[in-house]
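Peer 1: This is the structure I have questions about; it appears just below.
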Amino acid sequence: MVRVGTAPETLVDLERYPVLDARSAAYRAVVARARAELDARGAAELPGFVGPAGVAALVDDAQSLVGRAHRSGGQGTAYLEVPAGSYPDGHPRVTWGDYALGAVAYDLIPLASPLRRLYEWAPLADLVAAIVGRGPLFPYADPFGALNLAVMGPGDQLQWHFDQTDFVVSLAIQSAESGGDFEVAPRIRSADDERYHDVSAVLGGEGSSVLTLPMEPGTLLVFEGRYSLHRVSPVVGPRLRHVGLLAYDTRPGTMGSELLHRVRYGRTEALASPPERWPRP
């Protein structure tokens, strides 16, 4: 059985995803399939990227970190900002939705955590870079947001929103008993056209353009959320939903804002160095 602290390559299904052999035809085929998915719908799913034993290790690790999650909640818009300017009632810019979740910040995730070791593993970053196709990627420099464990329990959800970054990488670790679905309206807007009418339709419950991505435990998802409206539906049942959020950027030194730190993590001062181990809650 894979144990917490083992090498990241023991977590990954290397037969299905030969990330240690980037020159192989099998690796190129994985990248080509994922890039085609990303181009077609703004999301590339790599199901079973982490094998069953790896998922078990990640679940155990996540459970040990739950007590370190900072809870946040309230209402937000689809654009993750306070509306600037005057908009009529019902406009997407002034349509608010509920959110609630917990997040374990990067600086609270131990060095031996298998999730952290996977995030800091160069072959994974290289694979993501190959799929995204925008040159070399750099780890997000933010000591809070570079890597998060998202913890969602009964009633938790994320409102419909667009991301403020070009892409997000997530790893499904544990599903809720019900709900907690990742729903997306692919490429509903563009850099040249906000398509407010279409966005309003989704916000109003017209889901003809909405897809539900399975996100079974072990699935790695590369998602371009800047132009795809998406949400996590309310979690139902006592089993926690765990997802790892792995942040990379096309530029070195990228940081989140102080406001984001305060809201999402409850503090603005990071630990000087992460602890080797936290006690179980």
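Peer 1: Build a GNM of the chain with springs between Cα atoms under 10 Å: which of V210, V55, V132 gets the top mean-square fluctuation?
Peer 2: Judging by the Gaussian network model, the answer is V210.
Peer 1: Let me ask you something else. Which whole-Hz ³J(HN,Hα) couplings does the stretch 30-37 yield from phi under the Karplus relation 6.51 cos²θ - 1.76 cosθ + 1.60, θ = phi - 60°, glycine and proline marked x?
Peer 2: For the stretch 30-37, the Karplus curve yields 4, 5, 4, 5, 5, 5, 5, 4 Hz.
Peer 1: From the phi angles alone, apply the Karplus equation (6.51, -1.76, 1.60; θ = phi - 60°) to the stretch 86-97 and give each ³J(HN,Hα) in whole Hz, x where the residue is Gly or Pro.
Peer 2: In residue order, the calculated couplings are 10, 10, x, 3, x, 5, x, 5, 10, 9, 9, x Hz.
Peer 1: Can you list the GluC sites (Glu not before Pro) in the stretch 171-266 that are in a DSSP coil and have 16 or fewer other beta carbons within 10 angstrom?
Peer 2: Taking the stretch 171-266 and a limit of 16 other Cβ atoms within 10 Å, the loop GluC sites (Glu not before Pro) found are E177, E194, E206.
Peer 1: Skipping prolines and chain starts, which residues have an amide H placed within reach, meaning under 5 Å, of the one on T95, given they are 5 or more residues away or on another chain?
Peer 2: Those qualifying (amide H under 5 Å, at least 5 residues apart or on another chain) are A78.
Peer 1: Taking the alpha-carbon centroid of each part, what is the distance from the stretch 84-153 to the stretch 34-77 in angstrom?
Peer 2: So the separation of the two Cα centres works out to 10 Å.
Peer 1: Among S170, S208, S233, which one moves the most in a GNM of the chain with springs linking Cα atoms closer than 10 Å?
Peer 2: Taking springs between Cα atoms under 10 Å, the residue moving most is S208.
Peer 1: What is the angle, in °, between the Cα long axis of helix 122-132 and the longest principal axis of the Cα atoms in the chain? Nearest 10 is fine, range 0 to 90.
Peer 2: 40
Peer 1: Read phi for every residue in the stretch 179-189 and hand back ³J(HN,Hα) as whole Hz from Karplus 6.51 cos²θ - 1.76 cosθ + 1.60, θ = phi - 60°, with x for Gly and Pro.
Peer 2: Karplus-based 3J(HN,Hα) across the stretch 179-189 equals x, x, 7, 8, 10, 8, 9, x, 6, 6, 9 Hz.
Peer 1: Next question. Give me the angle, in degrees from 0 to 90, between the Cα long axis of helix 52-65 and the longest principal axis of the Cα atoms of the chain, rounded to the nearest 10.
Peer 2: Roughly 70 degrees between the two axes.
Peer 1: Another question about this same structure. In percent, what relative contact order does the chain have, based on Cα pairs under 8 Å that are 6 or more apart in sequence?
Peer 2: So the answer I get is 27 percent.
Peer 1: Under the rule of at least 5 residues apart or a separate chain, name every residue whose amide H is placed under 5 Å from the amide H of G218.
Peer 2: Those qualifying (amide H under 5 Å, at least 5 residues apart or on another chain) are A172, I173.
Peer 1: Next question, about the same structure. Kirkwood-based Rg over Rh for the stretch 158-253 (C-alpha set), two decimals?
Peer 2: For the stretch 158-253, the value is 0.99.
Peer 1: How large is the translational diffusion coefficient of the chain in µm² per second when you combine the Kirkwood radius over alpha carbon pairs with Stokes-Einstein at 25 °C and 0.890 mPa s?
Peer 2: For the chosen part, D equals 127 µm²/s.
Peer 1: Just how many % of Cα pairs in the stretch 1-140 lie over 20 Å apart, if you round to the nearest whole percent?
Peer 2: 62
Peer 1: Name the long-range amide H neighbours of L229: under 5 Å, sequence gap of 5 or more, or other chain; modelled H, no Pro or chain starts.
Peer 2: Those qualifying (amide H under 5 Å, at least 5 residues apart or on another chain) are A185, R187, I188, R189.
Here, each number is a calculation from the coordinates, and none is a lab measurement. Please read these numbers as outputs of a predicted model, since none were measured by experiment. Note: ideal-geometry Cβ built from the backbone for every residue, glycine included; neighbour counts use all protein chains shown.
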